[in-house]
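Below is one structure, written out as structure tokens; the observations come after it.
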Amino acid sequence: MDAIKWSGFGLYNVADSDLDTAPDKTFPFIEGSRYRAVNTGISEPATQINFEDFYPGPDIVWTLSHDEVHYVTKGRAEITYHLPPLMKETGTVIAETGSVYLLPRGCRVVWRVLGDEPFRHLCICSPNPGYPSGPAPSVADSAKKRGAPKDAPSKS
């Protein structure tokens, strides 16, 4: 029998500057798309929290294998969702600064960034899907000061 894998405590202070220098990436299978993401230092068995920008451009289509909660810190996006199990329950909403929403496991989602600025949000994933986002600069700097490895989660 596997032992329980306990998560540790994590703290992240949201800093726009952490994303401002992150490299742009392309979403898998979505040519011409752009996004950037950093890990907040919270990457535990139960949860991974990333800070992300989605840029205006092609729609971003994704199907989730885990639950995600997003908290929007800047920008606007039209979000169309299709809920499992049969994807018959569907809807479209506008998420903007201050919005929080849940994307349940199995959900198919389409984001369309509205306006010229990125759609910036915290992405809280449970359980941890292991997205390969590098550490936010503030997290890496904090780890250096503590003498921890550069990619170690923040546990203070």
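Here are the numbers for the structure shown:
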{"read-out": "Output for the stretch 112-132, where each listed residue is assigned to a strand (DSSP E or B) and either among the hydrophobic types (A, V, I, L, M, F, W, C) or closer than 21 Å to SER33 by Cα (or both)", "value": "ARG112, VAL113, LEU114, PHE119, ARG120, HIS121, LEU122, CYS123, ILE124, CYS125"}
{"read-out": "For HIS82: the one exception among (1) farther than 17 Å from HIS121 by Cβ; (2) in a loop (DSSP other than H, G, I, E, B); (3) more than 14 Å from the chain's Cα centre (by Cα); (4) touching a residue at least 24 places away in the same chain (Cβ under 8 Å)", "value": "(2)"}
{"read-out": "In the stretch 21-40, the residues that are touching an Asp or Glu at 6+ places or on another chain (Cβ under 7 Å) and assigned to a strand (DSSP E or B)", "value": "TYR35, ARG36, ALA37, VAL38"}
{"read-out": "Candidates ASP67, ASP59 - the one that is on the phi < 0 side of the Ramachandran plot, modelled with pLDDT of 95 or more and within 15 Å of the chain's Cα centre (by Cα)", "value": "ASP67"}
{"read-out": "Test result for THR97, loosely packed, with under 12 Cβ neighbours inside 10 Å and either modelled with pLDDT of 95 or more or of a type in the set (A, V, I, L, M) (or both)", "value": "no"}
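For (1) in a loop (DSSP other than H, G, I, E, B); (2) touching a strand residue (DSSP E or B) at 6+ places or on another chain (Cβ under 9 Å); (3) within 17 Å of SER126 (Cα to Cα); (4) not polar (S, T, N, Q), each residue gets a yes or a no:
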{"residue": "ILE42", "(1), (2), (3), (4)": "no, yes, yes, yes"}
{"residue": "HIS70", "(1), (2), (3), (4)": "no, yes, yes, yes"}
{"residue": "GLU78", "(1), (2), (3), (4)": "no, yes, no, yes"}
{"residue": "THR90", "(1), (2), (3), (4)": "no, yes, no, no"}
{"residue": "VAL93", "(1), (2), (3), (4)": "no, yes, no, yes"}
{"residue": "VAL110", "(1), (2), (3), (4)": "no, yes, no, yes"}
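The values are calculated or read from the model by the stated rules, or taken from the named source; none is laboratory data. Everything numeric in this text was worked out from a predicted model, so none of it was measured. Cβ sites come from the backbone with ideal geometry, for glycine too, and all protein chains shown count toward neighbours.
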